[in-house]
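Peer 1: There's a structure below that I have some questions on.
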Protein chains: 2
Amino acid sequence: MTDPFVIVGGDAAGLSAASKLKRDAPSRDVVVFERGRWVSYAHCGTPYFVEGVVERLTDLLSLSPAAINERGIDLRREAEVTEIRPAERLVSVTEADGSTYDQPYGELLVATGGRAATDPIPGTDTDGVFTMHGLDSAAAVRAFLSDPKTFTVDSLGGGEFVDEASVSRYGSMRPPNRVAVVGGGYVGVEMAEAFSAWNLDVHLFQRGDRLLTPFGDAVSERVEAHLEANGVTLHLGAAVDELRGTDGRVTSVVCADGTALDVDAVLVGIGIRPNVELLERTDVELGESGAVAVDEFGRTSVDGIYAAGDCAEATHVVSGEPVWMPLGLTANRAGRAIGQTVAGDPTPLGAVAGTAVVKAFDLECGRSGFVDTEAAQNAGFDPVSETITAGSRSGYYPGNAETAVTLVADRESGRLLGGSIVGRDRAAIRIDTVATALEAGLTVEAVERLDLAYAPPFSPVWDPVLVAAKVLNGSIST
Amino acid sequence: MTDPFVIVGGDAAGLSAASKLKRDAPSRDVVVFERGRWVSYAHCGTPYFVEGVVERLTDLLSLSPAAINERGIDLRREAEVTEIRPAERLVSVTEADGSTYDQPYGELLVATGGRAATDPIPGTDTDGVFTMHGLDSAAAVRAFLSDPKTFTVDSLGGGEFVDEASVSRYGSMRPPNRVAVVGGGYVGVEMAEAFSAWNLDVHLFQRGDRLLTPFGDAVSERVEAHLEANGVTLHLGAAVDELRGTDGRVTSVVCADGTALDVDAVLVGIGIRPNVELLERTDVELGESGAVAVDEFGRTSVDGIYAAGDCAEATHVVSGEPVWMPLGLTANRAGRAIGQTVAGDPTPLGAVAGTAVVKAFDLECGRSGFVDTEAAQNAGFDPVSETITAGSRSGYYPGNAETAVTLVADRESGRLLGGSIVGRDRAAIRIDTVATALEAGLTVEAVERLDLAYAPPFSPVWDPVLVAAKVLNGSIST
């Protein structure tokens, strides 16, 4: 009998792979090890749970442990894989009660995800300092924001999964008045919105001069202005050097230039790192990014071991190079493809464009491919970039909103390399046109000729993406 | 000196061509003949003017006659081209005052548009019966809906362009209580919404069994239910045979089965026909559709004569065959390309996918390419179709709305042939993913791997289009 398909990590990539294998090859055994209590949760939904628009923690679960078991998946929670032994095709497991055992595998999927980066900021272990990674931190933040007079553990709607000790402690503290969000990426922007919904005095610190840098200047400018218009105080070019506390509770953030701001809470959202420690004593190769290197089927350099999700690299659709872009769809898709491959139908993971969308209050932002011309240049292109603004609807139709589109193309070949978009009306979803064009390798001239939707309530005759293509094509041709 | 570029028709195609030529080759003379008073108006906006969400008729003008003249275009309104004489490279013109003259041309663009079909229904010349083609009919309908006690010609915001006699007459009549909309295409659906905004008793008559047939069954079903939920009475499979009147004013619609309904107003929206009468005595060839046959640059069969817009055919992006799909973007784009070609830079028109979107109250619908499998079969494909429903956002995020997507692909090649979409939340604009994939000739397998946008407020991890591709790809593979 074949040994089971063993999966380390019970979130998007791991459970997508497990489910797909059980669907396509029901007779195969699948064992999923998850070192935490939570499985299959929507990481991207946590800011909205903190904000309060999502009521219950369990709303964020795609699948309950019971539903996972119903699929015939042997899910083992609070069971940590401590070592991979490829020569013996075994993993070593430690259960919550301290017991240990070895589990043989036929194929192994490393889907260990990422973790919130906190280095190099000292003081992140102080009370009142949070990262936004995992439901435990989301629960703790919302408990902290709640009125201690009325707070109950049940109000979080997390059932049996909640870390009661942590949330009870935070639920009993005096709620913060002023919060520092450290990091101006999408987590920082979403959390600034979430805290604003609780009427906190929100301060956003960003080391660089711009927010949302992967979205490009046109988006950054609009988002910065929009956050300020919504009462968020921006500290740009402000590197937070230290978090200070009194009696173990955070009291201020200190910047590299010596300025300090008194705060009652800090959310550190300065990116994530791939969880690859488990592979250190194996021959599984990491890529330049530090995440696991994989081929087009998600196979690592060691026979029988796959990797997927936030711990693994992927192939960039434009450059064809390996990149590390930890995003939700990428993890789900790669897991599903690997499940299908393990079931006997070799299925490529597909390439990634780094398509990302983010909401900043009522502003919608999207990006895909190369937006930064320097990055495009480093990938061997001769990038030309144009930014336009156009209406989201016919000018005479109510709700028409100014929409800015940036498109980047290669001068020589005319190939579209990437783009971004920002606006209040159906802006984010329009980035799908760019993502689709990138997958197809369309030139900007072909994009200009796309037969896109037009009706006064939804789009002007020339969709903003078409307007941008028209202008960019003009720039390239001259 | 080269004779001018002469254009017959002062709307989307004609003025796009004129503007592009003056921009690219300012020294060329351009003469535009328009037999009516209105030029450069947004036909697709007229239902919203009737509804009242667009206040003024002049809001619907993309360019005023003055702005057109400022571009150096010699615009001649109320000047009808009565004959084309290719052998002499002349057109014969009759002005409003009855004077006539011949105008020589270097190149000629026929952009005569379409007209509302009313045949074979007798009685359409009765008072209270309207088509929705052109601003004069839109003005008359809104005048008729207005309270005669307060109506003024000025309230239409049409300035000098308004047909005062017509609107004054309708403005003085008792407004209708019950209206029949004849035709269940997008004009019929939009006008049913427009009349509902005036609290009329709206009855929609459709000869066939379904509304919005080019959008496919999944869209039709949802739209039918939604119109009924909004108080519109549907008469499906009801062929209107005659419109009857008393004292010259419409009083009832009579169906083929003899049933009749008393009404005070009728809107006939049963499609349009290409205006090609001007070409009857020339050698300019028409296509099978009855519209003008053109090559990839918009050239007709006669040297120096181009055609574009609602009077001309275009090439279908999937079948490669000539089709007649009179739509706004197609007209604008073809006009622009012809202007560029005439300026000396031969520019293909691009293919059309028949992408169309329509709003039915708060329901959004889109379609592109082949949705009807019979049509796809006739074009030589072996079509497979799947319809799915999926959320528009993450399930836990407020505003998540059920979205139905139909995709059609060729069994043999896996190539995507078309699709449609319907839902309440950002549904219509998602058809752009399908339109872009069609232009690129993507397989449904490639569509399944698209790196589309995901963020809880805008899209679930698997966008509804990806879910449909996944299911359709499964059907094709088995």
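Peer 1: Which count do you get for residues in segment B:408-423 that are away from every other protein chain (no Cβ under 11 Å) and part of a strand (DSSP E or B)?
Peer 2: Within segment B:408-423, residues that are away from every other protein chain (no Cβ under 11 Å) and part of a strand (DSSP E or B) number 10.
Peer 1: Moving to a separate point now. Just to be sure I understand, how many residues within segment B:62-94 are of a type in the set (A, V, I, L, M) and over 30 Å from A:Pro460 (Cα atoms)?
Peer 2: 6
Peer 1: Hey, can you tell me all the residues within segment A:437-464 that are within 32 Å of the chain's Cα centre (by Cα), buried (at least 23 other Cβ atoms within 10 Å of the Cβ) and of a type in the set (Gly, Ala, Ser)?
Peer 2: Across segment A:437-464, the qualifying residues are A:Ala437, A:Ala453, A:Ser459.
Peer 1: Where the second residue is in a helix (DSSP H, G or I) and basic (Lys, Arg) and the first is farther than 14 Å from A:Asp432 by Cβ and facing another protein chain (nearest Cβ under 10 Å) and lies in segment A:450-474, which pairs have Cβ atoms under 8 Å and are six or more apart or on separate chains?
Peer 2: Between residues of segment A:450-474 that are farther than 14 Å from A:Asp432 by Cβ and facing another protein chain (nearest Cβ under 10 Å) and residues that are in a helix (DSSP H, G or I) and basic (Lys, Arg), the close pairs are A:Trp462/A:Lys470.
Peer 1: Only residues in segment A:160-186 that are on the phi > 0 side of the Ramachandran plot count as the first member; pair them with residues that are assigned to a loop (DSSP other than H, G, I, E, B), Cβ under 6 angstrom, at least 6 apart or cross-chain, and list the lot.
Peer 2: A:Gly183/A:Gly269; A:Gly183/A:Ile270
Peer 1: Now, a different point. Here are some residues: A:Arg367, A:Arg281, A:Arg333, A:Arg299. Which one is among the charged types (D, E, K, R) and within 9 Å of another protein chain (Cβ to nearest Cβ)?
Peer 2: After applying the criteria, what remains is A:Arg333.
Peer 1: I'd like to verify a number: residues in segment A:277-309 that are more than 26 Å from A:Gly380 (Cα to Cα), at pLDDT 95 or above and not polar (S, T, N, Q), how many?
Peer 2: 14
Peer 1: Select, from B:Thr436, B:Thr478, the only residue that is over 22 Å from A:Gly328 (Cα atoms), more than 7 Å from chain A (Cβ to nearest Cβ) and not aromatic (Phe, Trp, Tyr).
Peer 2: Numbers: B:Thr436 fails: more than 7 Å from chain A (Cβ to nearest Cβ).
One residue alone meets the criteria, B:Thr478.
Peer 1: Among A:Val405, A:Val467, which is the only one that is surrounded by fewer than 24 Cβ atoms within 10 Å (Cβ to Cβ) and either touching a strand residue (DSSP E or B) at 6+ places or on another chain (Cβ under 9 Å) or part of a helix (DSSP H, G or I) (or both)?
Peer 2: A:Val467
So that you can scan it fast, the table gives a plain yes or no per residue for (1) part of a helix (DSSP H, G or I); (2) within 18 Å of the chain's Cα centre (by Cα); (3) buried (at least 22 other Cβ atoms within 10 Å of the Cβ):
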| site | (1), (2), (3) |
| --- | --- |
| B:Gly354 | no, yes, yes |
| B:Lys359 | no, yes, no |
| B:Glu364 | no, yes, yes |
| B:Arg367 | no, yes, yes |
| B:Ala375 | yes, no, no |
| B:Gly380 | no, no, no |
| B:Val384 | no, no, no |
| B:Thr387 | no, no, no |
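Peer 1: Would you check which residues across segment B:54-112 are under 19 Å from B:Glu277 (Cα atoms) and of a type in the set (Lys, Arg) and list them?
Peer 2: B:Arg85, B:Arg89
Peer 1: Still on this structure: Take the residues in segment B:46-56 that are more than 20 Å from B:Arg77 (Cβ to Cβ) and not aliphatic (A, V, I, L, M); name whichever of them is nearest to the chain's Cα centre (by Cα).
Peer 2: Here is the first cut: in segment B:46-56, the residues more than 20 Å from B:Arg77 (Cβ to Cβ) are B:47-55.
From what is left, the residues that are not aliphatic (A, V, I, L, M) are B:47-49, B:51-52, B:55.
Working: B:Pro47: 12, B:Tyr48: 14, B:Phe49: 16, B:Glu51: 18, B:Gly52: 20, B:Glu55: 21 Å.
Ranking the candidates gives B:Pro47 first.
Peer 1: In the set A:Gly395, A:Gly399, A:Gly441, which member is within 14 Å of chain B (Cβ to nearest Cβ), under 28 Å from A:Glu228 (Cα atoms) and free of Cβ contacts under 8 Å to residues at least 60 places away in the same chain?
Peer 2: It is A:Gly399.
Peer 1: Next question, about the same structure. Residues of segment A:248-270 being crowded, with 24+ Cβ neighbours inside 10 Å, of a type in the set (Val, Ile, Thr) and within 25 Å of the chain's Cα centre (by Cα), which ones?
Peer 2: A:Val266, A:Val268
Peer 1: I've got another one for you. Which fully enclosed strands (runs of 3 or more DSSP E) of segment B:1-95 have 1 or more residues being in contact with a strand residue (DSSP E or B) (Cβ under 6 Å, 6 or more places away or on another chain) and within 11 Å of chain A (Cβ to nearest Cβ)?
Peer 2: none
Peer 1: Mind checking which residues of segment B:284-329 are under 17 Å from the mean Cα position of the chain (by Cα), assigned to a loop (DSSP other than H, G, I, E, B) and of a type in the set (A, V, I, L, M)?
Peer 2: Selection gives B:Ala291, B:Ala308, B:Met325, B:Leu327.
Peer 1: Of all residues in segment A:182-199 being surrounded by fewer than 21 Cβ atoms within 10 Å (Cβ to Cβ) and touching a helix residue (DSSP H, G or I) at 6+ places or on another chain (Cβ under 9 Å), which is nearest to A:Leu236 (Cα to Cα)?
Peer 2: Ranking the candidates gives A:Gly185 first.
Peer 1: Taking A:Arg426 as meeting all but one of (1) in contact (Cβ under 8 Å) with a residue 40 or more places away in the chain; (2) more than 9 Å from chain B (Cβ to nearest Cβ); (3) under 29 Å from the mean Cα position of the chain (by Cα), write down the number of the exception.
Peer 2: Status for A:Arg426: all satisfied but (2).
Peer 1: How many of the residues in segment A:342-363 are more than 7 Å from chain B (Cβ to nearest Cβ) and within 20 Å of A:Gly184 (Cβ to Cβ)?
Peer 2: Final tally of qualifying residues: 6.
Peer 1: Consider A:Val422 carefully, then state whether it is on the phi < 0 side of the Ramachandran plot, buried (at least 24 other Cβ atoms within 10 Å of the Cβ) and at pLDDT 95 or above.
Peer 2: Yes; evaluated as a whole, the condition is true for this residue.
Peer 1: For B:Gly339, are the conditions met, namely being more than 24 Å from B:Ala379 (Cα to Cα) and either more than 14 Å from every other protein chain (Cβ to nearest Cβ) or buried (at least 24 other Cβ atoms within 10 Å of the Cβ) (or both)?
Peer 2: Against the criterion (more than 24 Å from B:Ala379 (Cα to Cα) and either more than 14 Å from every other protein chain (Cβ to nearest Cβ) or buried (at least 24 other Cβ atoms within 10 Å of the Cβ) (or both)), B:Gly339 qualifies.
Peer 1: Can you work out which of the residues in segment A:39-56 that are hydrophobic (A, V, I, L, M, F, W, C) and modelled with pLDDT under 95 is nearest to A:Trp198 (Cα to Cα)?
Peer 2: Looking at the filtered set, the residue picked out is A:Cys44.
Peer 1: Under 7 Å between Cβ atoms, which residue pairs at least 6 apart in sequence (or on different chains) link something in segment A:239-268 that is free of Cβ contacts under 8 Å to residues at least 60 places away in the same chain with a partner that is crowded, with 20+ Cβ neighbours inside 10 Å and among the β-branched types (Val, Ile, Thr)?
Peer 2: Every condition considered, the pairs that remain are A:Ser252/A:Val263; A:Cys255/A:Val240; A:Ala260/A:Val253.
Peer 1: Within segment A:19-45, work out how many residues are of a type outside the set (D, E, K, R) and under 21 Å from A:Gly106 (Cα atoms).
Peer 2: 9
The values are calculated or read from the model by the stated rules, or taken from the named source; none is laboratory data. Please read all numbers here as calculations on a predicted model, not as lab measurements. Counting neighbours? That spans all protein chains shown, and the Cβs are built from the backbone with ideal geometry, glycine included.
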